[in-house]
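To start, the structure under review is shown below, and the notes come after it.
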Amino acid sequence: MSCYYVYVKDGVKHMRPIHSREEYLSLRNGGQQPSLVKRIRAGEDRLKYDLVQMNYSCLPNTDGTLKGTTRMSTTVGMDIDHVTPEEMQPMRARILAKKDELGLLLLELSARGKGYHLAFKRKPDRSQEDNLKWASELLGVAYDKGAKDITRVFFTTTGAEEDLIYLSDELFEISPCASDEQFEISPCASLSRDDNADVISSEVERSSSARLLPEGRKKSPKVYPTTYHGMAFTEILQKYWELFNDGKEPVEGDRDTLTFQLASDLRHICGRNFDWLDQVIPCYDHFPVEEKRQKIRNALQGKYEGMPYRLKQVLQALKSTARVKACGGTMTAPPPMPKKLPPLIRLLTKNVPCFYKPAVANAVFPALGAHLHGVKFRYWDNVDHEATFMNVLIGRQSIGKGTIKKPIEYIMEDIRQRDIPNRQREAEWKQKNPGAKQKKDPRPTDICIQMLIDNLTDAVFNQRIVDAHNNGERFIYTIVDEIEALKKVTSRGTVDEVGLLIRKAFDNSLAGQERVGADSVSGIAPLRWNFNASTTPPNARKFFYKMVNDGTVSRLDIATIILNEDDDDTAPVLGIYDHQFAAELKPYIDRLEAASGLIECAQARKLALDIRQENRDAARLYESEAYRILSYRANVIAWLKGMVLYVAQGYKWDKTIADFVRWTQQYNLWCKMLYFGQQLEKELREEVEIQRQSGPQNLLELLPDEFTREQYHQMRQRQGRSGDGDSTLRTWTSRGYIAFDEVSGRYCKTTEYLKKFKVKNE
């Protein structure tokens with residue numbers, strides 16, 4: 001073992017081994033590490049002593065202490081300090097170029113960012129200082145001569161790429177050197193970060209009773225997996241307490257009960273193995289090791305009733321997190337924009353701060369698409385599409401969603417100017433032909449108004465659709481500050497009507513109305529309707545609650561604004577939009593207006609096919625049906641954006657467009673999975689469950705493996721049964737078919753039920 005975590009106990013420094021990359025990264029990224037590193041590099045040097053400390057040069061004493069140690073491990077820790085800013089990058093490149101010859105296992109940026117820390121394979125025939133001199137000559141760098149002691153500790157930074165430059169898994173391998181008298185290392189608490197955890201005592205206890213091998217060495221413990229289906233146990237524990245203990249780890253007073261509960265749940269994914277659970281479950285808040293182990297033994301003796309509800313919830317939550325990350329971002333940050341953008345997108349986003357650029361880059365397409373008329377694009381499946389974009393920007397209140405308005409205003413300026421005389425002509429015609437009388441003059445057929453307000457009747461909306469179609473197959477366009485305002489575009493004013501319009505618009509299906517009255521507006525035409533709308537996350541989920549699984553949400557282009565911790569949470573300062581901006585934009589708009597007919601692009605077609613395969617692979621990898629379903633139309637929307645940029649750039653395809661298409665597809669998917677993915681996954685699972693239930697079944701078989709009292713009553717009502725059914729629940733419980741979990745408030749089917757009903761049915 002070559003990597004040790006250093007902590008203070010009773011005023012003396014102790015060490016414990018780090019067993020895996022996952023555990024090592026959790027220590028580097030956990031707690032206050034990121035904020036401490038940030039503040040240290042801002043000048044608060046005194047905070048360095050609050051960072052996590054590591055040692056890479058020695059082995060602990062038999063009592064786990066670090067003080068006075070003389071035994072050397074298989075690696076050497078090296079400190080390179082006081083490097084000038086000009087030397088930093090060349091030095092880093094030189095070290096990485098020599099990594100194989102050096103035997104490099106670790107390279108990290110120092111806490112203050114003015115040097116490097118290294119760990120490399122020890123040459124056992126040389127002393128600590130001779131190893132450092134050899135490495136210094138090899139790399140052509142000077143090491144910190146005040147840090148040549150093997151007990152030297154290193155103040156660790158974070159696991160971010162800019163801090164942890166290189167890391168080899170060999171750093172965590174158990175391969176003692178010739179001088180090693182190391183005792184057997186217990187995996188107990190190896191996942192804990194508690195500085196005062198009673199870990200070393202357990203190691204000494206285990207070492208005293210360990211069986212010696214013939215060579216005099218002690219038997220190494222079995223190393224159990226540190227992950228479950230790709231999910232690190234550290235993440236599982238963190239999510240467990242987040243969901244079921246308000247994010248707080250057990251403390252004295254509840255640690256015995258909560259440790260027992262945790263062990264009872266985790267045994268289902270740890271092979272019901274004591275040693276494995278002992279490795280995974282930390283000694284929370286100074287919990288004596290033997291007391292913790294007794295809780296594990298008690299949990300293993302409990303009745304096995306199938307996968308617990310709590311554990312299912314934890315694993316499902318982590319899967320949802322993984323599916324969001326599958327889109328290229330994290331749970332708190334979407335996929336980063338390409339550094340080099342297509343010229344048109346670069347122009348439209350140049351006047352907004354960096355954290356608003358992704359939202360603006362996607363929000364401009366409904367307005368850009370409104371300039372195309374009579375234009376169709378052929379997808380790889382030979383289905384023709386038009387430039388339909390319906391963008392919904394989701395962000396918390398007062399975060400700056402209005403930053404999209406100015407670019408859209410300039411894009412739509414020519415259409416707005418065209419609408420002015422048409423509105424005047426329509427108003428004059430209405431004045432000459434009052435609605436209450438028979439029309440004297442027919443309405444001019446060349447009136448076309450594309451920009452709509454957010455308060456219309458069915459007749460007006462229908463008239464605009466027909467006019468736009470008859471005057472060059474044009475788009476109508478709406479922009480609203482809040483998604484709720486879309487309900488006013490028709491007389492019905494319902495969410496369901498908006499959902500229907502969204503589905504029709506994406507497919508350019510026929511819409512309109514037929515009336516027999518002479519004064520009534522009649523007409524049917526393909527619905528070409530682009531819009532921009534904004535809302536907050538709660539309102540978005542509420543508005544689209546019934547439309548997540550009917551294809552409505554998948555047809556939307558979702559964007560968001562999420563500020564990072566480093567971003568200034570104040571009103572954004574925008575650049576200047578003026579005549580120069582309009583002049584730069586005009587050539588792109590003119591090319592869109594001039595386009596016509598069927599437009600194809602071989603590069604765009606190939607890219608869409610490649611992305612399709614990548615999405616299928618990702619859906620299988622993350623076992624996400626929601627990701628698979630949402631990816632179909634996300635690919636179409638991204639491809640359409642690429643085709644619009646292709647036309648706007650004068651029918652020229654380049655790498656910037658390809659990179660943008662890839663990114664915008666992943667960004668759209670990331671937003672959808674973040675805000676709607678969990679609901680869609682749940683509804684899709686319920687569909688499968690319903691399909692499985694066919695033929696005559698009793699009431700218990702109709703219920704899921706875990707159900708609430710409310711679900712039970714609802715199922716009784718659907719089956720037409722009267723009464724509250726509490727006596728039936730008591731009967732099932734007394735016969736051992738179900739058990740009640742007081743923590744989750746759910747009934748769980750038992751192994752007795754499985755034996756009596758499931759096996760018989762199979």
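Assorted remarks:
- Peptides 412-423, 657-668, 343-354 ordered by packing proxy, namely the average of other Cβ atoms within 10 Å per residue, highest first: 657-668, 343-354, 412-423.
- C-alpha center-to-center spacing [segment 520-560, segment 21-52] in angstrom: 44
- Heavy atoms of Leu684: accessible area, 1.4 Å probe, square angstrom to 10: 20
- Label-to-label distance, Asn698 versus Arg423, with points set 7 angstrom from Cα along the beta-carbon direction: 7.0 nm.
- Extension gain for Arg492 to Val383 (0.36 nm times residue separation, less C-alpha to C-alpha distance): 36.0 nm.
- Measuring only protein heavy atoms, the 1.4 Å probe finds Trp732 accessible over about 30 Å².
- Nearest-10 value in Å² for the accessible area of Glu386, using the 1.4 Å probe: 10
- Local electrostatic count, Asn668, Cβ distance below 13 Å [Lys/Arg +1, Asp/Glu -1]: +4
- The largest accessible area among Ser509, Ser631 belongs to the first residue in Ser509, Ser631, and the rest follow in falling order (1.4 Å probe, all chains).
- Cβ-derived FRET efficiency at R0 41 Å, Asn539 paired with Glu752, nearest 0.05: 0.30
- Heavy-atom accessible area order for Val12, Val83, largest first, 1.4 Å probe: Val12, Val83
- Sorting Met451, Met91 on solvent-accessible area from highest to lowest, probe radius 1.4 Å, gives Met451, Met91.
- Local charge for Ser264 was computed over the other residues whose Cβ lies under 12 Å away, with Lys and Arg +1 and Asp and Glu -1, and equals +3.
- Cβ-defined net charge surrounding Asp654, 13 Å radius [Lys, Arg +1; Asp, Glu -1]: +3
- Checking every one of the GluC sites (Glu not before Pro) in segment 15-72 against DSSP loop status and a limit of 15 other Cβ atoms within 10 Å picks out Glu44.
The values are calculated or read from the model by the stated rules, or taken from the named source; none is laboratory data. Note that this is a predicted model, so its numbers are computed, not measured. With ideal geometry, Cβ positions are generated from the backbone for all residues, glycine too; neighbour counts draw on all protein chains shown. Each accessible area value is taken on the protein alone, full model and side chains, heavy atoms only, with ligands, DNA and RNA left out. Shrake-Rupley method; radii C 1.70, N 1.55, O 1.52, S 1.80 Å.
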